[in-house]
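Worksheet: the structure to be examined is printed underneath.
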Amino acid sequence: MDFAPFRDFFQQESAPAARGKFLSRVFGIFSENIVQIWSEDERAPFKNLGRPTLVTTSPGRSSTLDFLFECRRTGRRFVVEQKCEIELDGFRYLTLTNPNQLKHHKKPAFAAFLAAAKGSVPGARYWKAGGQRMTVDGAILVWGAVTQEGRAAVMEETGLHDVIGLDRIIAECAEWKPEAYCRLVCDRRRWCEELFAFLDG
């Protein structure tokens, strides 16, 4: 399924570059909240168990990711990293189309995330969330928008269990209209209106 309105809204050829920069920064403030709300809905395939931290033997070198998803159908658990780089480098990373778009992420947390996907690094499967130590069954990436070809190519190269487009998550929240999502949208709209009313004097 193609959720083109997400891409079309942010990337408009006739709009000034400042628009894309501004909107992507504002959206980035609360985009993780949208995923959290989605995962709390019974209709979502995964529920969030918190923020997972890799268990290591080296103090000060732990890596913490964005979410720990548990599949509602199977009970399998996956560490999750969200990357929603809308305007970065001229919208180069807005839509995931190939594995090369992941290569600019060099931080240890992302390396731990990819290791969890393949289970290729000793200890990469052991994580802690909510004070409990556990193993995970793999990793899931959340990206702004994802093509079907890009999803398949990234999963094949990285061993990720799934790649989920934030555009899809938003479309489902807009359709389901869970109370928390409606409240989030209403509050952020009101706060922005209040800010610009203040600036206008």
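Some values worked out for this structure:
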| item | result |
| --- | --- |
| Of all accessible heavy-atom area on the chain, the percent that carbon and sulfur account for (1.4 Å) | 51 percent |
| Simple label model, 7 Å out from Cα along Cβ direction - T135 to A111, nm | 2.5 nm |
| Scattering curve values for the range 1-102, log₁₀ I(q)/I(0), Debye with Cα scatterers, q = 0.21 Å⁻¹ | -1.18 |
| Nearest-ten-degree value, helix 166-176 long axis tilted from longest Cα axis of the chain | 70 degrees |
| Average accessible surface area per residue within the chain, 1.4 Å rolling probe, Å² | 57 Å² |
| Set K83/K177; K47/K128; K21/K83; K21/K107 screened for pairs whose C-alpha atoms are more than 19 Å apart | K83/K177; K21/K107 |
| Estimated FRET transfer efficiency when R0 is 41 angstrom, pair A17-L49 (beta carbons, to 0.05) | 0.55 |
| For peptides 134-140, 185-191, 72-78, sequence by mean Cβ density within 10 Å, most packed first | 134-140, 72-78, 185-191 |
| Rg(Cα)/(2.2 N^0.38 Å) for the range 83-190, N = residue count | 1.24 |
| The chain: angle of helix 148-158 to the longest principal axis, Cα-based, in degrees nearest 10 | 30 degrees |
| Estimated distance in nm for a label pair at T74 and K118, the labels positioned 7 Å out from Cα along Cα-to-Cβ | 2.0 nm |
| Cα pair distances of the chain binned at 5 Å [whole percent] | 1, 7, 14, 17, 19, 16, 12, 7, 4, 2, 0, 0 |
| Solvent-accessible area of I34 with every protein chain in place, 1.4 Å probe, in Å² to the nearest 10 | 10 Å² |
| Estimated distance in nm for a label pair at W176 and Q148, the labels positioned 7 Å out from Cα along Cα-to-Cβ | 2.4 nm |
| Assigned charges on the beta-carbon of Lys, Arg, Asp, Glu; the chain dipole about Cα centre (debye) | 860 debye |
| Ranked packing of 156-163, 98-105, most packed first, by mean Cβ within 10 Å | 156-163, 98-105 |
| Farthest toward positive dipole pole in the chain [+1 Lys/Arg, -1 Asp/Glu at C-beta], among P99, P178, A197 | P99 |
| In degrees, nearest ten, helix 179-200 long axis to first principal axis of the chain (Cα) | 50 degrees |
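The values are calculated or read from the model by the stated rules, or taken from the named source; none is laboratory data. Only a predicted model underlies this, so the values are computations on that prediction, with no experimental measurement involved. Ideal geometry is used to build each Cβ from the backbone, glycine not excepted, and the neighbour counts take in all protein chains shown. Remember, those area values only see protein heavy atoms, side chains included, never the ligands or the DNA or RNA. Shrake-Rupley method; radii C 1.70, N 1.55, O 1.52, S 1.80 Å.
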